[in-house]
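Computed from the coordinates by the stated procedures, all read-outs in this text should not be read as laboratory data. For clarity, every value in this text was computed on a predicted model and none was experimentally measured. So basically every Cβ, Gly included, is an ideal-geometry build from the backbone, and we count neighbours across all protein chains shown.
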């Protein structure tokens, strides 16, 4: 299947999320109760809802997006050029609207696809849910209502690696390691994003982390397709 897809028709992406408020106490009383019920199965008796709140960013109902990094080939056939751009803003609605504009103006045709690692389980539905919460009409590529599975224009590098094994999960970091894909050392990981955002207030650090994951996703797909990996000189970060 991959040999029929042109890399220049794909928008690669990654998102970073955090709890919607810094502290559990900042939630409304009703939301605190709802969060406790939502996480009861995962927490069991090991953690209180307050102690578990640091993980709230994985649920669109209790988290928010602080960065969406995208990457795309602006040229490919003769000389490859992969551009990376990030959307971030203190108001989530603003970054979502900017991302939507990119989709509608440059990646809305039938030939266009979205690609992320674990995107079908996390990135794509998370973005769609947060758009609905923020009163943003869903763009074509995220509106799955009434679509058949083969009509969904999404590629998931985790799903490709599963080869039909639905119980199997492999992280992006592990895949880049075993497939010999160069991966710069990170100074943070996903579990630290909320702390960097709320306590250190260093959004640029989060953006840099998100962009590196986006580049790792395109490298994975190139590797799966038995194509040459991108070199540093072929990657341009757009400010």
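Could you grab the relative contact order for the chain? Cα pairs under 8 Å, six or more apart, rounded to a whole percent.
Numbers: 327 pairs, mean separation 63.5, N = 239.
Value for the chain: 27 percent.
In plain terms, the chain from residue 225 to residue 198 could stretch by 5.8 nm, reckoned as 0.36 nm per residue minus the Cα-Cα distance. A full extension of the chain between residue 163 and residue 30 corresponds to an added length of 43.7 nm, given 0.36 nm per residue minus the alpha carbon distance.
With viscosity set to 1.002 mPa s and temperature to 20 °C, compute the Stokes-Einstein D of the stretch 194-239, Rh being the Kirkwood radius across alpha carbon pairs; µm²/s, no decimals. Mind dumping the intermediate values first?
Working: Rh = 12.2 Å.
The estimated diffusion coefficient comes to 175 µm²/s.
Convex hull volume of the C-alpha atoms in the stretch 1-136, normalised per residue: 133 Å³.
Look at where the Cα atoms of the stretch 178-239 and of the stretch 44-86 average out, and the two centres are 11 Å apart.
At 0.36 nm per residue, and after removing the present C-alpha to C-alpha distance, how many nm does the segment from residue 152 to residue 94 gain when stretched out fully?
Working: separation 58, 0.36 × 58 = 20.88 nm, distance 2.57 nm.
Contour length minus the Cα-Cα distance gives 18.3 nm.
Between the beta carbons of residue 144 and residue 109, assuming R0 = 25 Å, the FRET efficiency works out to 0.90 to the nearest 0.05.
If you wrap the tightest convex hull around every Cα atom of the stretch 1-80 and split its volume per residue, you get 142 Å³.
If r is the Cβ-Cβ distance from residue 180 to residue 2 and R0 is 22 Å, what FRET efficiency results, to the nearest 0.05? Provide the component values of the computation, followed by the final result.
Numbers: r = 19 Å, r/R0 = 0.86.
Once the sixth-power term is evaluated, E becomes 0.70.
Largest first, the three principal axis extents of the alpha carbons in the stretch 45-110 are 58, 25, 23 Å in whole numbers. Compactness of the stretch 122-177 is given as radius of gyration and Dmax, 14.0, 40 Å, from Cα positions.
Please identify which residues in the stretch 173-207 have an amide N closer than 18 Å to a label point set 7 Å out from the Cα of residue 59, following the Cα→Cβ vector. Counting backbone N atoms under 18 Å from the label point, the list is 194.
Per residue, how big is the convex hull around the C-alpha atoms of the stretch 108-209? Give it to me in cubic angstrom, could you? Intermediate values should be presented prior to the final figure.
On the way: hull volume 16.1 nm³, N = 102.
Hull volume normalised by residue count: 158 Å³.
How much of the DSSP bridge set in the chain is antiparallel, in percent, rounded to the nearest 5?
Working: 15 of 25 bridges.
Given both bridge residues lie in the chain, the antiparallel proportion sits at roughly 60 percent.
The translational diffusion coefficient of the stretch 75-123, from Stokes-Einstein at 10 °C and 1.306 mPa s with a Kirkwood hydrodynamic radius over alpha carbon pairs, comes to 122 µm²/s. Would you kindly give the portion of the calculated P(r) for the chain that falls above 32 Å, as a percent of all Cα pairs? It works out to 21 percent of all Cα pairs.
Taking 132, 178, 203 as the candidate residues, the one with maximal mean-square fluctuation in a Gaussian network model of the chain, Cα springs under 10 Å, is 178.
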